[in-house]
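Have a look at the structure below before the remarks.
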């Protein structure tokens, strides 16, 4: 068991969301489901939590009711090796009602924020040549989905 687990609060879509995320990410699976017991105030047997793994990271999705919603104050970042991977995650996570945001961010259909980030962007903005880094950063600020070709063009000047 990992020491720290991300806990995601959903209204009542925990199982649906976990299955969706597992369909998007390779080497992922549902690890377990706990159900409400008698006297919980919710129907006995209804899903309470869903434990799932995306790659090597475990999460728990909770059916906690409508009291809390996701905000951009927390997001999950996907490090992508190339444009094909960026495009794949962008398309899959937006499917079914997601919303694009700026700078490689999006919200999926459940309201969870994701950063779909090519690793080359992180390398570019950390470059010791601050002019090149600034050009790449400025290019990123103009994008919704990150386009590596445009980043490289800006970076190279």
- Task: Please determine, in degrees from 0 to 90 and to the nearest 10, the orientation of helix 130-141 with respect to the longest principal axis defined by the Cα atoms of the chain, where the helix direction is its Cα long axis.
- Result: 50 degrees
- For the chain, using Cα atoms only, the Rg and Dmax in Å read 18.4, 65
- Message: Can you sort 88, 59 from fewest to most other Cβ atoms within 10 Å of each residue's own Cβ?
- Response: 88, 59
- In the range 53-143, what % of DSSP beta bridges are antiparallel (nearest 5)? 55 percent
- Which FRET efficiency, nearest 0.05, do residue 16 and residue 152 yield, Cβ-Cβ r, R0 22 Å? 0.05
- Message: Springs between alpha-carbon pairs under 10 angstrom, Gaussian network model over the chain: which of 38, 91, 58 fluctuates most?
- Response: 38
- Item | Nitroxide proxy distance, nm - points 7 Å out along Cα→Cβ at residue 1 and residue 119 | 3.2 nm
- Task: On a 0 to 90° scale, report how tilted helix 14-24 is relative to the longest principal axis of the chain, with both axes built from alpha carbons and the result rounded to the nearest 10.
- Result: 40 degrees
- Theoretical FRET efficiency, 1/(1+(r/R0)^6), r = Cβ-Cβ of residue 142 and residue 23, R0 25 Å, to 0.05: 0.20
- Nearest-ten-degree value, helix 83-94 long axis tilted from longest Cα axis of the chain: 40 degrees
- For the range 4-22, list residues with backbone N below 13 Å from a point placed 7 Å from the Cα of residue 46 toward its Cβ? 11-15
- Query: What FRET efficiency comes out for the pair residue 58/residue 87, r = Cβ-Cβ distance, R0 = 35 Å, nearest 0.05?
  - Reply: 0.85
- Add -39500 (n - 2.57) for each DSSP H run of 4 or more in the chain, then divide by its residues: what number comes out at 222 nm, to the nearest 500 deg cm²/dmol? -9500 deg cm²/dmol
- Note on the structure: Distribution output for the range 70-157: share of Cα-Cα pairs per 10 Å bin in percent, first bin at 0, values 19, 49, 26, 6, 0
- Task: Just need the relative contact order of the chain here, percent rounded to a whole number, with Cα pairs under 8 Å and 6+ apart.
- Result: 19 percent
- Item | DSSP-defined beta bridges in the chain - what % are antiparallel, rounded to 5 | 60 percent
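No value in this document is a laboratory result; all are computed from the given coordinates. Every value quoted in this text rests on a predicted model; they were computed, and no experiment measured them. Because the Cβ atoms are built from the backbone with ideal geometry, glycine has one as well, and the counts that use them run over all protein chains shown.
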